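Take a look at the structure below.
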Amino acid sequence: MNFRLSTALAIVLIAATHPAEAQTWPAKPIRAFIPFSAGSATDIVPRAVFEPLSAELGQPIVVENRGGAGGAVGIGAVVTAEPDGYTILANSSAHTVAPFIVQNLPYNVGTDLRAVAALGTSAGVLVVSPDKPWHTLEDLVATARAKPGALNFGSAGVGTGTHMSGERLLQSAKIDVVHVPYKGGPEALADVLAGRVDFYYCPISTAIPFLQEGRLRALAVSTPTRAAALPDVPTSIEAGYPGSDYTVWYGVFMPAKTPDEIVDRFYQATTKVLQTPALREKFTQLAVDPWPLTPKQFDQRVADELAANALLMKAARINK
């Protein structure tokens, strides 16, 4: 065999390697990193999908919660992994906030990861203690305008959906309200129930039992449209505050250089699972709505949110 022929054959073999690997994927278990603790919504929602998805793909999806540094530790484990589809990241909308609150991130979420499958969205509901005098969002905003800096709102921590929802409202309504970050949602909720915190954007699934018992009052939901779980509660946009909406989402990412064929296989399998009655019922229980985005649309959503969050953080004077 002459040199030219052997070289040509080598090139053909190398070029054929990736498609062959993609066609046989997955051939072994998949590791899924969740950059937050077990029991959080960012943990519960992906796990609900991964169980039936494992059966669909024919390989187990082994979940590892690796929290720390606002999610940076878990995300970093996926960024540095081989782009072969066997290491994935399940994250929430906190994904597009971390770059603005965590110092010296060793990666770029916009370029070092690619969005693969959007799972679902959920709304936050602005709740107050029934002992408070506000029955509408307009009532609350009126008090805040009359007494700048006198009111406060709680969150599950800086950069969480509960925080970003509050900041979006403050910017839209042009009110001065003190942010009180907690270690987690339960602590924030406890102080709202006790009346020590004026309001809190609580995950709907958590808030519903307290609303039904009359221990909380709902003033608005954070999403652009009303939440199916609370159809009688208006959105903050309906209440007259454009641009105040904030949607919490959950999705899956892979290293940026993962082959398109693997991304498409994972997306198609996930889409099939999300359409099953069993998972839709599970999502209803969690107050999560399916989110039918293609990988390209999901990538664009991430890019748009990164740009929007950069402006919001600057306006809210939230620095790293």
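The values are calculated or read from the model by the stated rules, or taken from the named source; none is laboratory data. Remember, predicted model here, so these are calculated numbers, not experimental data. All Cβ positions, even for glycine, are placed from backbone atoms using ideal geometry, and neighbour counts span all protein chains on display.
For this structure, a couple of remarks:
- Entry remark, the range 81-110: residues being surrounded by fewer than 23 Cβ atoms within 10 Å (Cβ to Cβ), modelled with pLDDT under 95 and of a type in the set (S, T, N, Q) number 3 in total.
- In the range 132-148, the count of residues that are of a type in the set (Gly, Ala, Ser), outside the structural domain of SER40 (by TED's automatic domain parsing), closer than 20 Å to GLY39 by Cβ and buried (at least 16 other Cβ atoms within 10 Å of the Cβ) is zero.
- Residues being assigned to a helix (DSSP H, G or I) and β-branched (Val, Ile, Thr) - total across the range 155-190: 1
- From the list ALA118, ALA81, ALA142, the one residue that fits, being over 21 Å from the mean Cα position of the chain (by Cα) and within 30 Å of GLN268 (Cα to Cα), is ALA81.
- Residues (of a type in the set (Gly, Ala, Ser) and under 16 Å from ALA41 (Cα atoms)) located in the range 166-186: GLY184, GLY185
- Restricted to the range 202-225, and to residues there that are hydrophobic (A, V, I, L, M, F, W, C) and assigned to a strand (DSSP E or B), the residue that is surrounded by the fewest Cβ atoms within 10 Å (Cβ to Cβ) is ALA218.
- Qualifying residue in the range 236-252 (condition: of a type in the set (Phe, Trp, Tyr) and over 30 Å from ALA32 (Cα atoms)): yes
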